[in-house]
Structures are given as structure tokens and as C-alpha cells.
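Structure record follows, encoded as C-alpha cells.
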Amino acid sequence: MDWLDGIFSNAQQWLFEAAIQPAMFALGLGNLLEDGYGATGWLLAGLVQVAVLLLVIGPLQRWRPVEAVTDRPGIRTDILYTLIHRLGLFRLGLFFALDPWFDELFGSLRVAGIGTFHVDQLWPGVTDLALVSFFIYLVIFDFADYWIHRAEHGFNWWWSLHSLHHSQRQMTMWTDNRNHLLDDVLRDSLLVILAQLIGVAPGQFVAIVAFTQLSESFQHANLRVSFGHVGERLWISPRFHRLHHSIGIGHETAGKGTLGGHNFGVLLPWWDMLFRTVNFEQRYDPTGVRDQAEAGRDYGRGFWRQQWLGVKRLFGKG
């Protein structure tokens, strides 16, 4: 883990000095160099992810697809979402819009005597080992993500935003970031607050997010793959997650037509198993939202149309 961190740090330093730092000086942003260096880490992690998508997951999709690709314009919109998120543009927006609020919040907590709880210091010599602490934080974030995901499906107002993610009828490796921006702001804000409270180092937070995003891209792939009886209970597969996107199964309570569903886990199926929301059926159903498939509800084709319709749904106008 340390050698990998060293390689990444060297690459981040090179990219920052070769491209980002000169660009920031040219734009008059020299007072934000420290933040720019951090942003370079997100950019580099995103470039690595896009490379893995193109060189590894893409060929797997072509090797064993669930369905033929017919909606290329829709997939191109999903690619735009992916690039906005993975290359750091969304986080750049969060930095200017929300970071001052976060700084003020955590500064107030520290003044009040409420410090950060460092989970990796629970067992010195063990939990502070890089690989061990990475796994501990990964499990904590996944547990939080499970409940955030259930909330997205449990509250009508939040579902009005999150349903955009489920409206893709042609799931591919690019579908993971097809989200309403307000939905992403809510989820990411909760995870940033959690990261601050449990003492995740900035570099480790980048690694956790990048690893999680890559796994999610694989789960959304147009790929007929199951991990088998044992594997499906250890890590979420494309088959497992596709059921979550299945019309009338993944986002509804069976037979009731109300919000609910199955397979909310992000990385680990453990939480679905523990809280009885799991479905291990070996099936590959059509994906989408029921009102879209049966009543023709419009979720939009292009990026801005999708975002606008999400706002309208939020206020009961769409």
C-alpha cells in the first residue's frame, strides 16, 4: 500500500507542477495552490478510473453483454456525467460552494471542544496500518452509504431526484454517475462530514472514493456476470446490482407499488443481508422506472433537461 501511495504522490506532484500550478498562476489563483494540489489528486484518480473503464470494463461489456446496445445518445449523456464527476469538476463546484460552510462548521465544533475521533488509532500498531485502516474506513463508509441509499428510496422528495439514476433503460459502465446534482450534493456532503468526524486523511479519502467509484462502474456494466453463491455474499456483482435497477423490483415494495426495493448495498451485500433487503435471484430484468416504462413519464434525454425535470419533480410539477 505504501509503495502504491508513493507512486500516486509522485504522479500527483508531477501533474501539479507541469500543468495545474502554471494554469493557476495564469488565472490569478496563486493564493489557492494548496487546494489546487489537493484537486490534482482527484483529477489524477479520475484519469486512472477512466483508463480502467476504457481498457478493462469496456472490453468485458463487449465480451458478455446482457443486452444489445441501442441507445447510444443516452449513453453519451452518461459519459458526460462520468467525466464531470470523475475528473473533479463536480468537486470543484462543491469546493467553491460548500467548503467555506464545512470549514466554519468544523471550526465551531473544535472551538466547542468536539474533536475528530480517529478510528485508525483504536489499536495502535494494527488499525493504523495503511491496508487495515483503508479496509476499516471502507466498511464504515459502505455502511453509511447503504442507509443513504435507502433514504434516497424511502423519502418521496429524495426519490424525485434519485429516480433520474434509475431512469436509464440501457445500463452500462457509464451509468453510475447519472445522478441529479442535488442528489449528489446531499450524498457527498454527508460523506464529507462523516470523513471529518472519523478522521480520514485527505489522501486516504481520495483512495476510498476512487476505489468505490470503480467498483460501482463495474456493477452498472452491461455485463452478464454473477460471482456465484459465495462470491455474491462477499462483494456486489453486476447481476446483484442490476436487480436493484429492475423495473418494479429494485425500487418498489413487492406487490404494493410503494417506495422500497432490494439490494441497496454499494460495495458489500452484508447490509442487505443483515437488514433483509437482499434478493439473490439469478435474473437479468429490463431496467428503468415503472412510471417511465408503463406511463411514458419523461425523465429527459440530455444533461440539462434531466436536471430541470428533476427539479420539477422535486416540487411536484413534473
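Between the C-alpha center of segment 84-158 and that of segment 182-246 there is a gap of 14 Å. The phi torsions of segment 56-68, fed into the Karplus equation with coefficients 6.51, -1.76 and 1.60 and a -60° offset, translate into couplings of 10, 6, x, x, 5, 4, 6, 6, 9, x, 6, 8, 5 Hz, rounded to whole numbers, with Gly and Pro shown as x.
Each of Glu294 and Glu67 was given a label point 7 Å from its Cα along the Cα-to-Cβ line. The distance between the two points is 1.7 nm. Summary of packing: across the peptides 278-284, 203-209, 239-245, the per-residue average of other C-beta atoms within 10 Å ranks them, highest first, as 239-245, 203-209, 278-284. For segment 267-283, the Karplus equation 6.51 cos²θ - 1.76 cosθ + 1.60, evaluated at θ = phi - 60°, returns couplings of 10, 10, x, 4, 5, 4, 5, 5, 9, 6, 10, 8, 9, 9, 4, 8, 8 Hz by residue, with Gly and Pro reported as x.
Each helix, a run of at least 4 DSSP H residues, gives -39500 (n - 2.57); summed and divided by the residues of the chain, these come to -18500 deg cm²/dmol at 222 nm.
For Phe227, the residues whose modelled amide H falls within less than 5 Å of its own, excluding neighbours fewer than 5 places apart on the same chain, are Glu232.
Over all other residues within a Cβ to Cβ distance under 14 Å of Val139, the charged ones net out to -3, with Lys and Arg as +1 and Asp and Glu as -1.
If I stretch the segment between Leu190 and Ala112 completely, what's the gain in nm (0.36 nm per residue apart, minus their alpha carbon distance), one decimal? Intermediate results must be reported in sequence, preceding the final value.
Values: separation 78, 0.36 × 78 = 28.08 nm, distance 2.09 nm.
Between Leu190 and Ala112, full extension yields 26.0 nm more.
Evaluating 6.51 cos²θ - 1.76 cosθ + 1.60 at θ = phi - 60° for every residue in segment 142-155, the Karplus couplings come out as 5, 4, 5, 4, 4, 6, 4, 5, 5, 5, 4, 9, x, 10 Hz, glycine and proline recorded as x.
Every number here is computed from the coordinates shown, using simple stated rules; none is lab data. Keep in mind that what you see is a predicted model, and the values were worked out from it rather than measured. Here the Cβ is made from the backbone with ideal geometry for all residues, glycine too, and neighbour counts use every protein chain on show.
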